[in-house]
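Take a look at the structure below.
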Amino acid sequence: MRIITIIFTFALIVAINIMANGGDSNPTVTGKCMTCHKEKSPGLYNQWYMSEHATHNVTCLNCHSADRKDKDAFEHEGALIATLVTPKDCGQCHDKQFSEVGNSYHATAGQILKSNDAYLAHVAGGEPVAITGCESCHGTKVVIDKNSPNKLSHKNWPNSGIGRINPDGSLGSCNACHTRHSFSKAQARKPEACSKCHLGPDHPQKEIYEESK
């Protein structure tokens with residue numbers, strides 16, 4: 001147990017040094033993020049620490065910082081942040097990928113649920129089935145709730161559907177394919193990443209792939 005504590009402490013010191021020497025606009029606030037989340041959500045912290053983002057000095061505020069004009073912005077521990085990180089946010093650095101995803105068929109997946117076929121499925125299965133069976137992969141419109149602590153309505157958040165309709169007008173969710181907070185390119189290229197959604201009787205790509213081996 002003592003060895004684990006020493007390793008975590010060393011990792012935290014290294015992370016703070018990285019942030020202090022990197023492009024973080026507010027290393028003091030980011031240091032507070034790390035100190036708290038290392039204890040309360042160590043899995044999240046470790047995923048980030050082992051990621052390419054950490055290697056390139058991309059910290060919490062680089063992705064989660066918000067402006068006053070953002071509909072989902074809220075004050076948290078001395079910083080104005082947003083829980084929801086959209087493709088538009090990621091596009092500040094990954095502009096090529098942002099453009100490719102925005103012009104892809106995947107980006108329309110959330111809008112497809114408004115079709116007549118999808119409506120019939122909603123009626124047959126009911127709202128709970130639609131949320132877990134359809135919207136979790138296709139995405140849904142994220143609604144703002146000013147009374148919610150993070151300004152996001154519990155009716156459709158959390159959601160990482162690949163065609164999610166975001167409050168800033170962007171479409172999609174980058175972590176639909178490479179999950180937060182490691183955001184691994186290698187993970188996104190594995191068949192298992194696709195098979196989270198592309199399986200079952202209505203889109204059996206996973207089963208077809210497995211049978212092809």
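What pairs come up if the first residue lies in the range 186-198 and is under 14 Å from G161 (Cβ atoms) and in contact (Cβ under 8 Å) with a residue 12 or more places away in the chain, the second is assigned to a loop (DSSP other than H, G, I, E, B) and basic (K, R), and their beta carbons are under 6 Å apart, counting only those six or more places apart or on different chains? That search, which allows pairs on different chains as well, returns nothing.
Which residue is farthest from I162 (Cα to Cα), if the candidates are limited to the range 201-213 and must be of a type outside the set (S, T, Y) and at pLDDT 90 or above? The selected residue is E211. Looking only at the range 99-129, count how many residues are buried (at least 20 other Cβ atoms within 10 Å of the Cβ) and of a type in the set (A, V, I, L, M, F, W, C). The qualifying residues number 4. Listed by first and then second residue, the pairs linking a residue in the range 117-137 that is among the basic types (K, R) to a residue that is modelled with pLDDT under 80 and buried (at least 17 other Cβ atoms within 10 Å of the Cβ), with Cβ atoms under 7 Å apart and 6 or more places separating them unless they lie on different chains, form an empty list. If you take the residues in the range 178-213 that are among the basic types (K, R) and either assigned to a loop (DSSP other than H, G, I, E, B) or not assigned by TED's automatic domain parsing to the domain that holds S136 (or both), which one is nearest to Q97 (Cα to Cα)? Checked the range 178-213; the qualifying residue nearest to Q97 (Cα to Cα) is R189. Each residue in the range 145-174 was checked for being under 19 Å from H106 (Cα atoms) and either of a type in the set (V, I, T) or in contact (Cβ under 8 Å) with a residue 40 or more places away in the chain (or both), and 14 of them qualify.
D72 meets the conditions (1) outside the structural domain of K32 (by TED's automatic domain parsing); (2) modelled with pLDDT under 95 in every case but one. The failed one is (2). Checking the range 117-140 against the condition returns a match, with at least one residue being under 30 Å from E77 (Cβ atoms) and not hydroxyl-bearing (S, T, Y). On the basis of being in contact with a helix residue (DSSP H, G or I) (Cβ under 8 Å, 6 or more places away or on another chain), more than 23 Å from A73 (Cβ to Cβ), at pLDDT 95 or above and not assigned by TED's automatic domain parsing to the domain that holds E52, does A107 make the cut? Criteria met by A107. For the range 116-139, filtering for residues that are touching a helix residue (DSSP H, G or I) at 6+ places or on another chain (Cβ under 6 Å) and at pLDDT 80 or above leaves 3. Just one residue in the set K96, K151 is surrounded by 13 or more Cβ atoms within 10 Å (Cβ to Cβ) and charged (D, E, K, R); that residue is K151. Checking each residue in the range 68-82 for being more than 19 Å from the chain's Cα centre (by Cα) and in a loop (DSSP other than H, G, I, E, B) picks out R68, K69, E77, G78. Look at (1) among the polar types (S, T, N, Q); (2) over 15 Å from the mean Cα position of the chain (by Cα); (3) crowded, with 20+ Cβ neighbours inside 10 Å and you find that T140 fails only one, number (2).
The values are calculated or read from the model by the stated rules, or taken from the named source; none is laboratory data. Computed from a predicted model, the values in this text were never measured in an experiment. Neighbour counts are summed over all protein chains in view; Cβ atoms, including those assigned to glycine, are modelled from backbone coordinates with ideal geometry.
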